[in-house]
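S.K.: Dumping the structure here so I can ask a few things about it.
The values are calculated or read from the model by the stated rules, or taken from the named source; none is laboratory data. From a predicted model like this one, the values you see are computed outputs, not experimental measurements. Heads up, the Cβs are rebuilt from the backbone with ideal geometry, glycines too, and the neighbour counts pull from every protein chain shown.
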Amino acid sequence: MNPWERYVVPHLISCACATRPIMKQREKVVPKAEGVVLELGCGAGTNFAMYDAGKVDHLYALEPAPGMMVKARRTASELGIGKSIDFLETGAEHIPLADNSVDTAVITFVLCTIPDWKSALAETKRVLKPGGKIVFTEHGLAPDEGVAKWQRRVEPVWKALAGGCHLTRDTGAMLREAGFVLEGAETMYLPNTPKIAGYVSWGAARIA
């Protein structure tokens, strides 16, 4: 990991993932988590304050980037919940939890970055209990060809500057390919956000 990726990218991502439009998206899905919860790619811990303490029995916060994990632990400490979270410093491609052990997986603005998203979703499916669910919000491939064309053009540079973030991943298609059924999924362009990075989807998904 070069100095840019280690020191600069975590700060950039923390800022980009905490804009008001992004925070509103998080607020739509994170409070719906319940039971034993696994958050994939917790980043700087931006979601921690949004969990409903009355519905969450336990929280596992998974994050592979050391710089982000430091920020997440600091956030949890500031919120006074550091001792109630199990931090898993690893990638989502190899989740260190038992089969059928999680009620809710929380995925917010992370599928765009996971190198092997197929393995990550297969692992998520493995750890979910029967009847468990994913709650998600992600940005991705726009349905408008004019926007999608620019997403494809810009993506190589975007990925290099933004820690591997893809602009052209189709969240709904990815979840369906991984064996999930979408529930109540919605889409829109975020306000006050460049369209190439502002087409978002959100909702829930359960094992088909």
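S.K.: Listed residues L190, L128, L182; which is over 25 Å from T19 (Cα atoms) and in contact with a Gly (Cβ under 8 Å, 6 or more places away or on another chain)?
M.R.: The unique qualifying residue is L182.
S.K.: Restricting the search to the stretch 41-56, which residues are surrounded by fewer than 19 Cβ atoms within 10 Å (Cβ to Cβ) and part of a loop (DSSP other than H, G, I, E, B)?
M.R.: Of everything in the stretch 41-56, those that are surrounded by fewer than 19 Cβ atoms within 10 Å (Cβ to Cβ) and part of a loop (DSSP other than H, G, I, E, B) turn out to be D52, A53, G54, K55.
S.K.: Inspect all residues belonging to the stretch 21-39 and state whether any of them is at pLDDT below 95 and over 12 Å from the mean Cα position of the chain (by Cα).
M.R.: Looking for residues that are at pLDDT below 95 and over 12 Å from the mean Cα position of the chain (by Cα), one finds at least one in the stretch 21-39, hence yes.
S.K.: Here's another thing I want to ask about it. Being small (G, A, S), in a helix (DSSP H, G or I) and surrounded by 15 or more Cβ atoms within 10 Å (Cβ to Cβ) is the filter here; which residues of the stretch 61-83 pass it?
M.R.: Result: G67, A72, A76, G82.
S.K.: Collect the residues in the stretch 51-86 that are charged (D, E, K, R) and more than 23 Å from K24 (Cβ to Cβ), keeping them in residue-number order.
M.R.: D57, R73, R74, K83, D86, listed by residue number.
S.K.: From the list G164, G131, which residue is surrounded by fewer than 17 Cβ atoms within 10 Å (Cβ to Cβ), within 18 Å of the chain's Cα centre (by Cα) and on the phi > 0 side of the Ramachandran plot?
M.R.: After ruling out the rest, the residue left standing is G164.
S.K.: Scanning the stretch 170-192 for residues that are at pLDDT 95 or above and among the polar types (S, T, N, Q), which turns out farthest from I114 (Cα to Cα)?
M.R.: Checked the stretch 170-192; the qualifying residue farthest from I114 (Cα to Cα) is T187.
S.K.: Checking L38 against (1) without any contact (Cβ under 8 Å) to a residue 60 or more places away in the chain; (2) touching a Leu at 6+ places or on another chain (Cβ under 8 Å); (3) assigned to a strand (DSSP E or B): exactly one of these is not met. Which one?
M.R.: (1)
S.K.: Looking at the stretch 68-85, I want the residues that are of a type in the set (A, V, I, L, M) and have a partner that is surrounded by 16 or more Cβ atoms within 10 Å (Cβ to Cβ) and assigned to a helix (DSSP H, G or I) with Cβ atoms under 7 Å, at least 6 apart or on another chain. Which pairs are those?
M.R.: That search, which allows pairs on different chains as well, returns M68/P10; A76/F48; A76/G82; L79/F48; I81/F48; I85/A76.
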